[in-house]
Structure formats: structure tokens, C-alpha cells
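These notes are about the structure you will find just below.
Read-outs throughout are calculated quantities, based only on the coordinates presented, and are distinct from any laboratory measurement. The structure presented is a predicted model; accordingly, all values stated were derived computationally and were not measured. Every residue, glycine among them, receives a Cβ derived from its backbone with ideal geometry; neighbour counts consider all protein chains shown.
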Amino acid sequence: MAHFVVVGAGQAGASLVAKLRGEGFDGRITLIGAEANPPYQRPPLSKAYLLGEMALERLYLRPQSFYDDQNIELRLETRVTDIDAEARNLTLSTGETLTYDKLALTTGSHPRTLPAAIGGTLDGVYTMRDLQDADAMAPELVEGRSVLIIGGGYIGLEAAAVAAKKGLKVTLVEMADRILQRVASPETSDHFRALHASHGVDIREGVGLDRLVGTDRVTAAHLTDSTELAIDFAIVGVGIAPATALAEAAGVTVDNGIVTDLHTRTSNPDIHAAGDCATLLFKGQQIRLESVGNAIDQAEVAAKNMLGQNVEYVPAPWFWSDQYDCKLQIAGLNIGYDKVYVKEGDNGARSHWYYKDSNLIAVDAMNDPRNYMIGKRLIEAGKSPAPEVITEPATDMKALLRA
């Protein structure tokens, strides 16, 4: 009986094993995860779960009974310590050895942390990536306390929104010239800067962290503009790094992630990869897509290809972020955009349309789900309406899909 092993019990891993069964695979499946909980949603951790609006059980992607019913061996609190790709063996933290026929790496990513030399290991310094992080941070969110958030990307901004809603005094520092500089247009940065300011968040751009100070626990922060802040705790949101150690141990090619081809295969044809840990080929570039949508779609294609179907993975990137009462939805990738056009909607809705060489490549939609869906479908169809048509208030946007 063939044995397929999936290492990493997150969104990608859970999607992959479910797809294997859905495609009719009747061999042995083992899903290995380091955490104590079955696969769960991560986006709500920094939002609804941290706010106390979502119970633990609602985080789970599927109940334990699903894995039992589908005869999927779910090995929790277990780590893979080594991979012998030539022998097709895994060594587990329990001391066991597993032999596989096909292997998938869905190991995800790790939050980047601050060095100990600048206070990164003091008590009261947190990252936000998993359930343990959220549970550790929750007691800190007490009205009236002061928190410093380091990093003005989506992780940092979502944490700022939660803290502000809880009544904390929030300061956010971003070393770049503006928040969201790496991932969004100045227009989108302006929108979210104003949104956070309206909720009392003190955003300082062009200012970084020099060091955190305290004896055992953080008590203050020294910033690069020579100011000092008294703080009760700090949240570090300075990005993530792909978890590639096992891939390196297996001898597969790694370059800012586990390198995969159009069919999710690594440099070893018996090993596939999907999710945050993997790079993929998109419009001639090898990139990583850090999103739930990509984790699901890429993992499902990996499952098909592990079964020999030879399906090409063509990503259709989409992302989202929830901050206060604003839902940001993003379609496409804005890499290399040269112009952004703003479309105002009703009741504060708005969308930002990214063009590159007259081609529509991405849309940011704020509380504007209708134009998000239209933009997503236009991008997927390769259609690029003239910008003046997009921004004209009288335009029948749905009609653009039929043009």
C-alpha cells in the first residue's frame, strides 16, 4: 500500500490530505504537525480570536472526526527531525522512522524576531503567528495599558486595530517612509493611516526601533529618532520567513523558500511543497504567495500531482485584511505597477486599481466587495478596461465583464 506523508498541519497540509482522499487515493496518509491542536485557521488569531469573539473550536478547519472517518493518521505534537530523501525515510521526534512513497512539505513560515541584543528575548515581547502566540498575548490586552507595535505591514496594523479596540494606548513604528510600503500603493497606505488615526493609534513612519529595555521584562523602547516610550509590552510584526530547514535536510533546492516547478514538485520528484514555505513560478518570476487562498489552491494541485495527474498550478492571487470595521480585499499582484486609479463608492467604500503598461494587474477594495469581485474576475480573464471607464461613477461595472 502506498504511503503519502504530509509534514506541516496547517491550512496547506489539511487541504492536501483532504484532496488526496477526495481524488480517490485509498493508500495510507499521515499528516504530521508540531502543535497540539488539529489544523486551524490562522487569520482569526490576530482578530476575532484575540478579541474573544471566536471560540477555539471554531478555529478548527475540520473536527478530529473527519480525520478518523477519512482514515488519515493525524500525528500531533510531533516533529520531523530529519529526512533521508534517498531512502525515503523520515525521522520523528518520537524516535520513530517512517517510510514514504510521496512526501509533501507544507511547513509554513516563522515570524521574524528581534535579536536578543536589542531586547528581543525580554518577557512581554510577542510575535503573532500561532495559537500559542495568541493565547500568550491575550492577558496583556487590558484597557489603559501601553503597547508598542514594531512594523507597519498587515500583521502590525491588524494587531494595532485589536489593541485599540481593547482600549489600549497604541504606538506603531515603521522604519520605511510609509506603512504598507512593500505591499500597497501610497493611496492604500493613506487610507489605513487615516483609519488608525481615527481610532487613536499613534503611527510613526520613518522611525524604527533602536532597542527595547528592561531587566527581565520590557519596560521601555528607545526609537531611532532618539525618543523613549514607556510601554507595558511590545508586538513584533516585521514579516515572516519560510520554514525550509527540513527541505534543506532533504537536499532539495531552497531559494527564499522551497523551490517548486509548475507542478508543485521540488528538485526531488518524490517531494512536493505548498503554502507559505514554497516558491512558485508566476509570470516568469519565482515568488512566494503568503495567503490562505494560495495555501489551499497550491496544496490541492500538489495532491493531484502526487497522484500522477500532472496538473499545472496557475495561481489567482487574493488576500484580505480586517481592521476595525474595514474589510480590505485584494485581487491580483501589484508587482511593478506604474499607476493607481481610485474609484469612490457609496458609504465610504472605495477601490484602488493598479495598472502596469495599461494592463490591470491588481485591485485593493475597502468595504467594496462588489468591485473586488469584478476586479478579480477581470484580472483572471485578462481584461483591462480603460482607467477612465473604471473611475467613472456612472459606469456599469458588471458590464465590463461582458465586454
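For residue 174, the conditions (1) closer than 20 Å to residue 46 by Cα; (2) without any contact (Cβ under 8 Å) to a residue 40 or more places away in the chain; (3) more than 23 Å from the chain's Cα centre (by Cα) are fulfilled apart from (3). Condition check: closer than 23 Å to residue 193 by Cβ and surrounded by fewer than 21 Cβ atoms within 10 Å (Cβ to Cβ). Does residue 327 satisfy that? Judged against the criteria, residue 327 is a match. The set of residues in region 279-299 that are assigned to a helix (DSSP H, G or I) and touching an Asp or Glu at 6+ places or on another chain (Cβ under 9 Å) comprises 294, 295.
Among the candidates 233, 192, single out the residue that is hydrophobic (A, V, I, L, M, F, W, C) and either out of contact with any strand residue (DSSP E or B) (no Cβ under 8 Å at 6 or more places or on another chain) or within 30 Å of residue 336 (Cα to Cα) (or both). Let's see the steps before the verdict.
Details: 233 fails: either out of contact with any strand residue (DSSP E or B) (no Cβ under 8 Å at 6 or more places or on another chain) or within 30 Å of residue 336 (Cα to Cα) (or both).
Within the list 233, 192, the selection yields 192.
When residue 262 is tested against (1) of a type outside the set (Gly, Ala, Ser); (2) closer than 22 Å to residue 318 by Cα; (3) surrounded by fewer than 22 Cβ atoms within 10 Å (Cβ to Cβ); (4) in contact with a helix residue (DSSP H, G or I) (Cβ under 7 Å, 6 or more places away or on another chain), exactly one condition is not met: (4).
From the list 77, 86, 53, exactly one residue is on the phi > 0 side of the Ramachandran plot and surrounded by fewer than 18 Cβ atoms within 10 Å (Cβ to Cβ). Which is it?
Working: 86 fails: on the phi > 0 side of the Ramachandran plot; 53 fails: on the phi > 0 side of the Ramachandran plot.
None of the others qualify; the one that does is 77.
In region 95-131, which residues are at positive phi and buried (at least 18 other Cβ atoms within 10 Å of the Cβ)? Explain how you work it out, then say what you get.
Just the residues of region 95-131 that are at positive phi, to begin with: 95, 108, 119, 124.
Across region 95-131, the qualifying residues are 108, 119, 124.
In region 298-324, which residue that is surrounded by fewer than 18 Cβ atoms within 10 Å (Cβ to Cβ) and under 20 Å from residue 374 (Cβ atoms) is nearest to the chain's Cα centre (by Cα)? It comes out as 320. For region 1-27, taking the residues that are of a type outside the set (A, V, I, L, M) and either free of Cβ contacts under 8 Å to residues at least 12 places away in the same chain or surrounded by fewer than 16 Cβ atoms within 10 Å (Cβ to Cβ) (or both), the one that is nearest to residue 88 (Cα to Cα) is identified as 27.
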